[in-house]
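K.L.:
Following this message is one structure expressed as structure tokens.
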Amino acid sequence: MVLFEKINQDIKTAMMAREKDKLEALRAVKSAFLIAKTEKGATAELSDEDEIKIIIKLVKQRKDSAEIYRTQNREDLYTKEEFEADIISQYLPKQMSEDEIIPVLKNIIETLGVKTPAEMGKVMGMASKQLAGKADNKVISDLVKRLLTT
């Protein structure tokens, strides 16, 4: 919930500074939080893990949109989406480097006793939970493939 309060504070700051683009990105985050809070079956409060999942999703959406705009030669929209992705990603925990991720993955592989790439799903399931918000799943997937094929 601390993140929600920080977003609210940053919205106020952006409003006072008249930073229209930043304000739009922050309002999108606040909106996503409010929607998640009011969904059927949701509790009134979001856990830190839920907040991070929402932010990851928003960043991914903007990066995907930016790529589409780039392929369609819409630089104006590409720039806007990239800017919003950068603003929103500032609220994610520091991303781990490959050198930091590999020991965690080796430990998971050893713990599960996985030997072949066919069992990659087991490793990904556990790694995704342990590294949620700290590392991109695509990076994790690439590293797991590399570790299991060597």
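Values quoted throughout were computed directly from the atomic coordinates according to the rules given, and no laboratory measurement underlies them. What you see is a predicted model; the values in this text were computed from it and never measured. So basically every Cβ, Gly included, is an ideal-geometry build from the backbone, and we count neighbours across all protein chains shown.
K.L.:
Please order 79, 43 by the number of other Cβ within 10 Å, starting at the fewest.
P.N.:
Values: 79 14, 43 10.
Lowest count first: 43, 79.
K.L.:
What do you get when you divide the Cα radius of gyration of the stretch 98-149 by 2.2 N^0.38 Å, with N the number of residues? Write out the running numbers ahead of the final one.
P.N.:
Details: Rg = 9.6 Å, N = 52, 2.2 N^0.38 = 9.9 Å.
It is 0.97.
K.L.:
Among 58, 77, 26, determine the one that fluctuates most according to a GNM of the chain built with springs between C-alpha atoms less than 10 Å apart.
P.N.:
77
K.L.:
Say we join alpha carbon atoms closer than 10 Å with springs in a Gaussian network model of the chain; which of 119, 81, 49 then has the biggest fluctuation?
P.N.:
Result: 119 has the largest fluctuation of those listed.
K.L.:
Where Lys and Arg each count +1 and Asp and Glu each count -1, what net charge lies around residue 148 among other residues with Cβ under 13 Å from its Cβ?
P.N.:
Details: positive: 106, 115, 122, 145, 146; negative: 110, 119, 142.
Net of charged neighbours comes to +2.
K.L.:
For residue 94 and residue 146, compute 0.36 nm times the residue count separating them, minus their Cα-Cα distance, and round to one decimal in nm. Don't skip to the end; give the middle numbers.
P.N.:
Numbers: separation 52, 0.36 × 52 = 18.72 nm, distance 2.34 nm.
So the extension gain works out to 16.4 nm.
K.L.:
Excluding residue 46 itself, calculate the net charge of residues whose Cβ lies under 10 Å from the Cβ of residue 46, where each Lys or Arg counts +1 and each Asp or Glu counts -1. If you can, show how the numbers build up before the last one.
P.N.:
Values: positive: 37, 53; negative: 45, 48, 49, 50, 51.
So the environment of residue 46 carries a net charge of -3.
K.L.:
Next question. Which cross-chain or sequence-distant (5 or more) residues have an amide H under 5 Å from the amide H of residue 135, H modelled 1.01 Å from N in plane?
P.N.:
96
K.L.:
Students often get this wrong, so check it: of 20/145; 6/63; 20/129; 12/60; 37/63, which have C-alpha atoms separated by over 32 Å?
P.N.:
Working: 20/145 42 Å; 6/63 23 Å; 20/129 35 Å; 12/60 25 Å; 37/63 24 Å.
Over 32 Å Cα-Cα: 20/145; 20/129.
K.L.:
What order do you get for 13, 111 when you list them from fewest to most C-beta neighbours inside 10 Å? Let's see the in-between values first.
P.N.:
Values: 13 13, 111 10.
Ascending number of Cβ neighbours within 10 Å: 111, 13.
K.L.:
What residue among 34, 112, 46 shows peak mean-square fluctuation when the chain is described by a Gaussian network model with Cα springs under 10 Å?
P.N.:
112
K.L.:
Right, something else. Over the chain, what is the mean sequence separation of C-alpha contacts under 8 Å (at least six apart), divided by residue count, expressed as relative contact order in percent? Don't skip to the answer; put the middle values down first.
P.N.:
On the way: 134 pairs, mean separation 29.6, N = 150.
That works out to 20 percent.
K.L.:
Just checking my list (1) 47, 30, 28; (2) 55, 42, 29; (3) 38, 36, 34 against Cα extents along the principal axes in Å computed from this structure; which label fits?
P.N.:
Only one listed value fits the structure, namely (2).
K.L.:
Taking θ = phi - 60°, what integer Hz values does the Karplus form 6.51 cos²θ - 1.76 cosθ + 1.60 yield along the stretch 67-74, in sequence order, with x for Gly and Pro?
P.N.:
These are the phi-based 3J(HN,Hα) values: 4, 4, 5, 5, 5, 8, 6, 10 Hz.
K.L.:
Put a dot 7 Å past each Cα toward the Cβ at residue 110 and residue 6; how far apart are the dots in nm?
P.N.:
3.3 nm
K.L.:
Which of 102, 109 comes first, and how do the rest follow, when ranked by fewest Cβ neighbours within 10 Å? Could the numbers behind the result be given before it?
P.N.:
Numbers: 102 15, 109 20.
By the 10 Å Cβ count, ascending: 102, 109.
K.L.:
In whole Hz and in residue order, list the ³J(HN,Hα) couplings for the stretch 110-121 that follow from phi through the Karplus curve 6.51 cos²θ - 1.76 cosθ + 1.60, θ = phi - 60°; x for Gly and Pro.
P.N.:
Once θ is set to phi - 60°, the couplings for the stretch 110-121 become 5, 4, 7, x, 7, 10, 10, x, 5, 9, 4, x Hz.
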